[in-house]
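Before any comments, here is the structure.
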Amino acid sequence: MKKISARQLTTAAAIAALYTVLSLASSFIPTVGGVFQFRVSEALTILPYFTPAAIPGLFIGCLLSNLITGALPYDLVFGSLATLIGAIGTFALRKLGKNTLPGGMPLGAWLAPLPPIAANTIIMPFVSAKISETPESIPLFAFSVFVGEIVFCGGLGLLLLAALKKHPQLFGRE
């Protein structure tokens, strides 16, 4: 078993704290008719591309956010698991492609937002349908989750990734 360094532990804790704060701040963003939910913190889901410490950081941050906001048990468990699955997927992509694509980023960097987008779009509509007791709304929930994830994981996440790629020293060698 690999030993966890103080740097990795600190990085994970900082990511968890930042995810939690951004999630709480996102609760003040108005939603469109109550259908779309936007979490600015979802942009951080690209961080496993840079460090494995982001995997537990994002999971714990999501869990804490859901606990603090009073999420129901299904959302608490499956929402946090969706974040964990997405983080593991993003981490797996970091070794993909040595060649750079437009913008000077490798293929893995361009694909980094896809695992969290997919995990949340597949899992969360069923959670929302269970909580609201409206299984017929799964397609609507899937669309609304997908839109929110595209905006923050895809759009803002890729901007964050591009900015962080210019500063590789931030995450050291892990």
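Could you check the stretch 60-77 and list, in sequence order, the residues that are closer than 21 Å to Lys130 by Cβ and of a type in the set (A, V, I, L, M, F, W, C)?
Cys62, Leu63, Leu67, Ala71, Leu72, Leu76, Val77
Mind listing whichever residues of the stretch 51-75 are open to solvent by 40 Å² or more (accessible area, probe 1.4 Å), among the hydrophobic types (A, V, I, L, M, F, W, C) and either more than 19 Å from Thr20 (Cβ to Cβ) or modelled with pLDDT under 95 (or both)?
Once the filter is applied, which keeps residues that are open to solvent by 40 Å² or more (accessible area, probe 1.4 Å), among the hydrophobic types (A, V, I, L, M, F, W, C) and either more than 19 Å from Thr20 (Cβ to Cβ) or modelled with pLDDT under 95 (or both), the stretch 51-75 yields Leu67, Ile68, Leu72.
Would you point out which residue out of Ala87, Ala109, Ala119 is modelled with pLDDT under 90 and part of a helix (DSSP H, G or I)?
Numbers: Ala87 fails: modelled with pLDDT under 90; Ala119 fails: modelled with pLDDT under 90.
Result of the check over Ala87, Ala109, Ala119: Ala109.
I'm trying to understand the selection: among the residues of the stretch 112-122, which are within 13 Å of the chain's Cα centre (by Cα) and either under 16 Å from Val147 (Cβ atoms) or surrounded by fewer than 22 Cβ atoms within 10 Å (Cβ to Cβ) (or both)?
If the condition is that a residue be within 13 Å of the chain's Cα centre (by Cα) and either under 16 Å from Val147 (Cβ atoms) or surrounded by fewer than 22 Cβ atoms within 10 Å (Cβ to Cβ) (or both), then Pro113, Leu114, Pro116, Ile117, Ala118, Ala119, Asn120, Thr121 are the ones that fit.
For the subset of the stretch 26-45 comprising residues that are out of contact with any Gly (no Cβ under 8 Å at 6 or more places or on another chain) and open to solvent by less than 50 Å² (accessible area, probe 1.4 Å), which member is modelled with the highest pLDDT?
Of all residues in the stretch 26-45, those out of contact with any Gly (no Cβ under 8 Å at 6 or more places or on another chain) come to 26-35, 40.
Those left that are additionally open to solvent by less than 50 Å² (accessible area, probe 1.4 Å): 26, 40.
On the way: Ser26: 81, Val40: 90.
Among those residues, the one meeting the criterion is Val40.
Using the structure shown, decide if Glu149 is touching a residue at least 12 places away in the same chain (Cβ under 8 Å) and of a type in the set (D, E, K, R).
yes
Considering Leu140, Leu170, which residue is at negative phi, exposed (fewer than 14 other Cβ atoms within 10 Å of the Cβ), touching a residue at least 60 places away in the same chain (Cβ under 8 Å) and more than 14 Å from the chain's Cα centre (by Cα)?
Just one listed residue meets the conditions, Leu170.
Provide a single number: the residues in the stretch 6-24 that are open to solvent by less than 50 Å² (accessible area, probe 1.4 Å) and of a type in the set (Gly, Ala, Ser).
Total meeting the criteria: 3.
The values are calculated or read from the model by the stated rules, or taken from the named source; none is laboratory data. Predicted model only: the values in this text are computed from it and were never measured. Counting neighbours? That spans all protein chains shown, and the Cβs are built from the backbone with ideal geometry, glycine included. Side chains are part of the model used for accessible areas, which takes the heavy atoms of the whole protein and leaves out ligands, DNA and RNA. Shrake-Rupley method; radii C 1.70, N 1.55, O 1.52, S 1.80 Å.
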